[in-house]
1. Could you give the nm distance between label points at ILE24 and GLU100, where each point is 7 Å from its Cα heading toward the beta carbon?
2. Placing unit charges on C-beta atoms (Lys and Arg positive, Asp and Glu negative, everything else neutral), compute the dipole magnitude of the chain about its Cα centre in debye, rounded to 20.
3. Determine, for ILE81, ILE19, ILE24, the number of other Cβ atoms within 10 Å of each Cβ, and report the residues in order from fewest to most.
4. Over the Cα atoms of segment 1-78, how large are the radius of gyration and the largest Cα-Cα distance (Dmax), in Å?
5. Convex hull volume of the Cα atoms in segment 66-128, per residue, in Å³?
6. Taking the radius of gyration and the Kirkwood hydrodynamic radius from Cα positions alone, what is the Rg/Rh ratio for segment 140-183, to two decimal places?
7. If I take every Cα pair under 8 Å that is 6 or more residues apart in the chain, average their sequence separation and divide by the length, what percent do I get for the relative contact order?
8. Quick check for you: which residues of segment 93-122 have the amide N under 18 Å from the point 7 Å beyond the Cα of ARG157 toward its beta carbon?
Amino acid sequence: MIAQLRGRLREKDPTRLVIDCAGIGFELRVPLSTSRQLPEAGAEVDVAVEPYFTREGLDLYGFATRAERDVFRMLTSVKGIGPRAGLNLLSRFSPDEIREIIAQRRIDVIRTVPGIGPKKADSIFKQLEGAVPESAPASPLLADAEAALVCLGLTRREARERLSRVPAAEAASLQELLKLALAQRT
């Protein structure tokens, strides 16, 4: 299968590229993030590729980085999420942001992307739950507070949600932070 293309960029539109590889022009659909990272037409490029089979034939999707391609694969593995929705998500968010949004179950953020309604957003979270490792808290104080809340019986997700709603969390002591987090309603 085609996993990578290296050649001369012949055409560049915001969501479409044509790469000439030894005289063969490959058309690729790309997210806006990839289009922004690539040079203008005429330059040599190297892109990661994900083939996608449809009833009409083979479509190729190109990415500036392997991380983008990996997140695209992860997203399109979800039933009901096709390549267009995957490209829309990657056009709006970086691969790390998508992983973080999924890990934190921020359904409201995913629903802001064109083509992602409530059912598709719910499918993404249900099917990718556990596939994306949760990111670590931003500071040691928040990490300690999260660990303490988990010891008190909250799930890690509940602890992070409560801590995210505490105003001026970085300025508080651990004890104050725990009091404020426990006072939060879910």
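1. 4.0 nm
2. 600 debye
3. ILE24, ILE81, ILE19
4. Cα-based Rg and Dmax for segment 1-78 come out at 11.8, 36 Å.
5. Hull volume normalised by residue count: 68 Å³.
6. When Rh is taken as the Kirkwood radius, the ratio is 0.90.
7. 13 percent
8. So the set is 98-111, 118-122.
Just so you know, all these numbers are worked out from the coordinates, no wet-lab data involved. Everything quoted here is computed from the prediction, not taken from an experiment. As a convention, Cβ positions derive from the backbone with ideal geometry for all residues, glycine included, and neighbour counts pool all protein chains shown.
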